[in-house]
Amino acid sequence: MEQERTLQETTSKVMVALDVDSREKALALADQLQGSGCWLKVGMELYNATGASIIKELKEKGFSIFLDLKLHDIPNTVERAVRVLAGYGADMLTIHCSGGYDMMARAVQATHEVKEQGNSEKRMKIIGITVLTSLDEGRLHVELGVNRTLQNQVVALAELGQRAGIDGVVASAQESQVLREHLGPDFLVITPGIRPRGSETHDQARTLTPIEALEAGSSYLVVGRPITQAPSPRQALERLWD
């Protein structure tokens with residue numbers, strides 16, 4: 001019993017990315033993972049294929065939902081979008097920190113108001129995107145013209161987000177430790193690019209294993225293909241720590 005509880009507690013830190021293009025594929029994966037304690041990530045591909053109805057269907061199966069839509073627009077547009085999305089029942093929503101302080105602050109305020117108005121059972125957390133894990137130092141400088149080091153850019157955007165009231169950020173596990181030092185223990189750090197030992201990195205430039213990421217200070221780990229493309233997704237989830 002103790003071993004089962006420990007496994008579920010660890011699995012509750014995993015967000016399985018449902019990066020599929022249909023409701024049927026998403027629900028089939030959800031059925032295999034139901035009861036494991038993991039979260040599910042709904043990204044742009046699945047959301048655009050199914051609309052908001054998929055959130056309710058996955059919530060009804062007992063999952064917490066990380067809605068990864070990476071909103072980035074003028075403050076008024078993002079605020080209005082957040083008000084709509086907060087009513088669907090997702091537990092977390094991503095927006096880009098590079099949208100600026102006002103955009104982030106107004107998004108956070110919208111979640112509080114939706115909760116206070118009774119349109120959501122609990123407040124949807126706002127999670128900021130710092131630097132995409134597909135970017136490395138060279139691309140950050142050459143393609144985007146950012147003069148800071150990659151790590152300093154991640155920290156600067158996260159600190160701006162914290163001042164605006166967001167609940168956490170998405171960042172590579174390689175930046176988790178320094179984020180903990182700057183932002184404290186309660187600020188969430190959600191880490192994509194997680195690859196079990198020996199698996200391919202695909203399009204992720206900055207990756208760590210699950211154990212390495214948790215030890216570095218990550219709060220939640222986003223794992224996609226190593227689980228969703230495995231012959232047995234449930235078994236792959238449970239073997240992340242091998």
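The values are calculated or read from the model by the stated rules, or taken from the named source; none is laboratory data. Keep in mind the model is a prediction, meaning the values are calculated, not measured. All Cβ positions, even for glycine, are placed from backbone atoms using ideal geometry, and neighbour counts span all protein chains on display. Protein only, heavy atoms only, side chains kept; ligands, DNA and RNA dropped before computing areas. Shrake-Rupley method; radii C 1.70, N 1.55, O 1.52, S 1.80 Å.
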- Task: Just the number, please: carbon plus sulfur as a percent of the accessible area of the chain, 1.4 Å probe, no ligands or DNA/RNA counted.
- Result: 46 percent
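Treating only the Cβ atoms of Lys and Arg (+1) and Asp and Glu (-1) as charged, compute the dipole magnitude of the chain about its Cα centre; round to the nearest 20 debye.
Taking the Cα centre of the chain as origin, the dipole is about 300 debye.
Work out how much length Gln117 to Asp91 would gain on full extension: take 0.36 nm times their residue separation and subtract the Cα-Cα distance, in nm to one decimal.
Values: separation 26, 0.36 × 26 = 9.36 nm, distance 1.69 nm.
Contour length minus the Cα-Cα distance gives 7.7 nm.
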- Task: Return the calculated 222 nm mean residue ellipticity for the chain, to the nearest 500 deg cm²/dmol, obtained by summing -39500 (n - 2.57) across DSSP H runs with n ≥ 4 and dividing by the residue count.
- Result: -13000 deg cm²/dmol
- What ³J(HN,Hα) values, in whole Hz, does the Karplus curve 6.51 cos²θ - 1.76 cosθ + 1.60 give for the stretch 210-221 when θ = phi - 60°, with x put for Gly and Pro? x, 5, 4, 5, 5, 5, 7, x, 5, 8, 9, 10
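What accessible area per residue comes out for the chain, rounded to a whole number of Å², with a 1.4 Å probe? Mind dumping the intermediate values first?
Values: 11460 Å² over 242 residues.
Value returned for the chain: 47 Å² of accessible area per residue.
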- Message: What's the magnitude of the charge dipole for the stretch 27-87 around its Cα centre, counting Lys and Arg as +1 and Asp and Glu as -1 at the beta-carbon? Answer in Debye, nearest 20.
- Response: 140 debye
- Item | Accessible area of Glu60 in the full protein assembly, 1.4 Å probe (Å², nearest 10) | 130 Å²
- Query: Straight-line reach from Lys125: which aspartates and glutamates have a Cα under 17 Å away, not including same-chain ones fewer than 8 places off?
  - Reply: Asp68, Glu79, Asp91, Asp102, Glu113, Glu116, Glu159, Asp167, Asp186
- Residue-wise, which Karplus ³J(HN,Hα) couplings in Hz belong to the stretch 186-194, taking 6.51 cos²θ - 1.76 cosθ + 1.60, θ = phi - 60°, and x for glycine or proline? 8, 6, 6, 10, 9, 10, x, x, 7
- Task: Please sort through the DSSP H helices of the chain and keep those with an alpha-carbon extent of at least 20 Å along the long axis and a Kyte-Doolittle average not below 1.6.
- Result: none
- Amide H within-cut-off set for Val169, under 5 Å, with H built and near neighbours excluded: Gly128, Leu188, Val189, Ile190
